[in-house]
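Down below is the structure, laid out as structure tokens.
Values in this text are rule-based calculations from the coordinates and carry no lab data. As the structure is a prediction and not an experimental result, all values here were calculated from the model. Note: ideal-geometry Cβ built from the backbone for every residue, glycine included; neighbour counts use all protein chains shown.
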Amino acid sequence: MKQEKKLKKQAFKKQQIIDAGTRRIIQKGIEKTSLADIAEEAGISKGSLYYYYASKNELIFDITDAHINQLSENLFAIIEENKGNATWADLLKILYERILRDDTRGRLHLYLVQQALNGNNDLKNRFKKTYQQWQQMIIDGFTLLDPAMTPPRGLSSLIIAALDGFLIQSLLALETITPDEFVGSLNIFMQK
């Protein structure tokens, strides 16, 4: 019983550190955020932070995992919540709106992708695996909605690329298309 309580406390503290790290990275970027900044944000000493994370990279990996898991869970939840009650177009509109609405998570996503592209091969490999999982989730989601439909693999890649692009446009405060325009454009692609 004592061990279980200790493990729960450690998990809570790690989540507190991950949340603090996420906030600081969104404010300052990954490069300008130090472990001391994160410890301060979490309200703990730097020594306490080192008890949980020996390096900034270890913490960034856990932040990345938490971020990727949250995005994946959101995608899966959208599919599950609307299974049988919505068309693929409805689901894509919901996904589009949720992704663009969550400005904080969008900024974190772009910071982490930037790190992956700038030579952090561990992050790059995590993102490769995750994007492949997202592609399969989208294909499976389409199939759940309409078992007779087998969407082309390229469609799931196109959807993910479009959502990443719209996220960038939104964060740059550029005018983005509406969810209806997004789905209408994909519908044209699917009709061909």
Discussion item. Need the list of lysines near Lys93 for cross-linking: C-alpha distance under 17 angstrom, and skip anything on the same chain fewer than eight residues off.
Written reply: Lys83
Practice prompt. List the relative contact order of segment 1-54 as a percent without decimals, with contacts defined as Cα pairs under 8 Å and 6+ residues apart.
Written response: 31 percent
Worksheet entry | Pairwise label distance in nanometres, Tyr51 with Asn118, each label 7 Å out on the Cα-Cβ vector | 3.2 nm
Practice prompt. For each pair in Lys13/Lys129; Lys5/Lys32; Lys2/Lys28, compute the distance between the two Cα atoms and list the pairs where it is over 32 Å.
Written response: Lys5/Lys32; Lys2/Lys28
Discussion item. For the chain, take the longest principal axis of its alpha carbons; what is the angle in degrees between that and the long axis of helix 121-145, to the nearest 10 within 0 to 90?
Written reply: 40 degrees
Worksheet item: If one takes the longest principal axis of the Cα atoms in the chain, at what angle in degrees, from 0 to 90 and to the nearest 10, does the Cα axis of helix 179-191 lie?
Response: 60 degrees
Worksheet item: Helix 153-171 versus the longest principal axis of the chain: what angle, 0 to 90°, nearest 10, using Cα atoms?
Response: 60 degrees
Practice prompt. Counting only C-alpha contacts under 8 Å and six or more residues apart, can you give the relative contact order of segment 1-100 as a whole percent?
Written response: 21 percent
Response to the item:
Going from the fewest other Cβ atoms within 10 Å to the most, one would list Leu144, Leu172, Leu163 as Leu172, Leu144, Leu163
Worksheet, complete the sentence: A correct fewest-to-most ranking of Met1, Met137 by other Cβ atoms within 10 Å would be Met1, Met137
Fill in: Per-selection Kirkwood Rh - segment 23-147 (Cα, Å, 1 d.p.)
16.2 Å
Worksheet item: So which lysines can Lys128 reach, going by Cα to Cα under 17 Å and dropping same-chain residues fewer than 8 places off?
Response: none
Item to complete: Give me the lysines in straight-line cross-link reach of Lys124: C-alpha distance below 18 Å, same-chain residues under 8 apart excluded.
Response: Lys56
Practice prompt. Quick one: compute a quarter of the convex hull surface over the Cα atoms of segment 1-54 and quote it in nm².
Written response: 3.6 nm²
